[in-house]
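One structure below.
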Amino acid sequence: MRNKPLLICVVGPTAIGKTSLAIALAKAFSTEIISADSRQFYKEMSIGTAVPSKEELQAVPHHFIQSKSIFDEYSVGDFEREALELINEKFFPSNNDNKVLDSLVMVGGSGLYVDAVVRGLDEFPTVPPEVRNKLNSEMENLGIEHLQERLKIADPIQYSKIDIQNPHRVIRALEIFEFTGKPFSSFLNQKSTPRAFETLFIGLSADRETIYGRINKRVDQMIDAGLIEEARNLYNHRDRNALQTVGYRELFNYFDGSISKEEAISEIKKNTRRFAKRQGTWFRKNEAIHWFDYRTKPEEILEFIHEKNAK
RNA sequence: GGGGAGAUACUCAAGCGGCCAACGAGGACAGACUGUAAAUCUGUUGGUUUCACCUUCGCAGGUUCGAAUCCUGCUCUCCCCA
């Protein structure tokens, strides 16, 4: 008999079948689903992010799906806080009338978001967007070298640790310094917050060819389902961060005439394949994941979880 | 039938006597990753016993100390005139 509740994390590359497995598991455990998918959060996007269908959403209570707007400022940190709060409330309700759950299912292909909930990030203050905007334009005008030099002085530790060629990394470290006056590295490795639940990772996998085949097929289905219209309605907001997303960017390029429709579609496929590759790289190094072939019956995985959980 | 242009690694494409296993781009593969993460960035991409050697630039010869680069013939592709 275990003493901590269980968070079952379903991970794997895009289009592998995480959604339906998660639903099967949640049903079996009479519990609910937390989405750890950095793009399914947004209510303005649905076809291109492959959010669960109406039926699927009705079958099991889902959290975080389409709960935000692309106009919101939303980050992994926010997600970690909100998800933890929710998990806590489900496992240890503050109100005695609420049902106590002893397990929850979390699904998602966003490695960093999953890890944030399971392992936690260090605490950083929220930096106002103007700080980053300023750094972005500084980079445009003066080049990355200039920012690198600044970081070298502001935070030599981080400077030697991060990929200095990567603007996102350099700017992030600098924005923390700019806003707080303290180096980014000084926020690292604060006290680790222990989780009040156990985590069990279930990974779905398939050989490369299979994944790619599924991706190609799914992209065609998205187009048939009206992705082009969905993207067209968002075209005016194409600069929003949430819309820096595979399936939308390529169509924006089609709308402004830089590529043809056919090119856009094959670019979506290509970029989705690359995305799946990066997901694989991220998850592969997580040794806690128990991998299953994508065709494995949910019952079999269920049995595995029960076995594992009894120990 | 006559005239012209060209054949370079997975693709496109530079190179026009030595600094070339061969610029660059694409693609593919691999990797990184603490609030932009479906983002962003990095590396590799002829072979091997990998700080060295071997085999490559349509094919076969030749010139040269030395050729992807020059010469000859052949094969194929494209364009123009008939």
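Overview of values
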{"quantity": "Over chain A, volume per residue of the alpha carbon convex hull, in Å³", "calculated": "159 Å³"}
{"quantity": "√(5λ) per eigenvalue of the Cα gyration tensor, the range A:215-283, largest first, Å", "calculated": "20, 14, 11"}
{"quantity": "Rg/Rg_ref, the range A:1-45, where Rg_ref = 2.2 N^0.38 Å and atoms are Cα", "calculated": "1.35"}
{"quantity": "Within the accessible area of chain A (1.4 Å probe), percent carbon and sulfur", "calculated": "49 percent"}
{"quantity": "Intensity falloff of the range A:247-307 expressed as log10 I(q)/I(0), Debye formula with alpha-carbon point scatterers, at q = 0.20 Å⁻¹", "calculated": "-0.80"}
{"quantity": "Viscosity 0.692 mPa s, 37 °C: Kirkwood-radius Stokes-Einstein D of the range A:97-197 over Cα pairs, µm²/s", "calculated": "208 µm²/s"}
{"quantity": "Computed over the range A:139-258, Cα set: Rg, Dmax in Å", "calculated": "21.0, 53"}
{"quantity": "Aspartates and glutamates with Cα under 13 Å of residue A:90, excluding same-chain neighbours fewer than 8 positions away", "calculated": "A:32, A:82, A:102"}
{"quantity": "Extension reserve of the residue A:96-residue A:310 stretch, reckoned as 0.36 nm per residue once the Cα distance is removed", "calculated": "74.3 nm"}
{"quantity": "Whichever aspartates and glutamates have a C-alpha closer than 14 Å to that of residue A:182, once near sequence neighbours (fewer than 8 apart) are set aside", "calculated": "A:123, A:155"}
{"quantity": "Rh (Kirkwood; distinct C-alpha pairs) - the range A:122-166, Å", "calculated": "11.6 Å"}
{"quantity": "Span per principal axis, largest first, for the Cα atoms of the range A:30-69 (Å)", "calculated": "28, 17, 12"}
{"quantity": "Loop-exposed GluC sites (Glu not before Pro) per DSSP, neighbour cap 15 Cβ within 10 angstrom, longest uninterrupted part of chain A", "calculated": "A:124-286"}
{"quantity": "Cα-derived Rg over Rh, computed across the range A:1-88 with Rh taken as Kirkwood radius", "calculated": "0.96"}
{"quantity": "Value of relative contact order over chain A, rounded to a whole percent, pairs C-alpha under 8 Å and six or more apart", "calculated": "27 percent"}
{"quantity": "Space enclosed by the convex hull of the alpha-carbon atoms of the range A:13-159, per residue, Å³", "calculated": "160 Å³"}
{"quantity": "Environment charge of residue A:49, counting only residues whose C-beta is closer than 9 Å and scoring Lys/Arg +1, Asp/Glu -1", "calculated": "0"}
{"quantity": "Local net charge near residue A:295, Cβ-Cβ under 12 Å (Lys/Arg +1, Asp/Glu -1)", "calculated": "-1"}
{"quantity": "Flagged links, alpha-carbon separation over 28 Å, of A:217/A:277; A:43/A:277; A:68/A:134; A:134/A:269; A:134/A:270; A:18/A:161", "calculated": "A:134/A:269; A:134/A:270; A:18/A:161"}
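The values are calculated or read from the model by the stated rules, or taken from the named source; none is laboratory data. Here the structure is a predicted model, which means the values were calculated and not measured. Every residue, glycine among them, receives a Cβ derived from its backbone with ideal geometry; neighbour counts consider all protein chains shown. The protein model used for the area step is the full one, side chains on, heavy atoms only, and it has no ligands, DNA or RNA in it. Shrake-Rupley method; radii C 1.70, N 1.55, O 1.52, S 1.80 Å.
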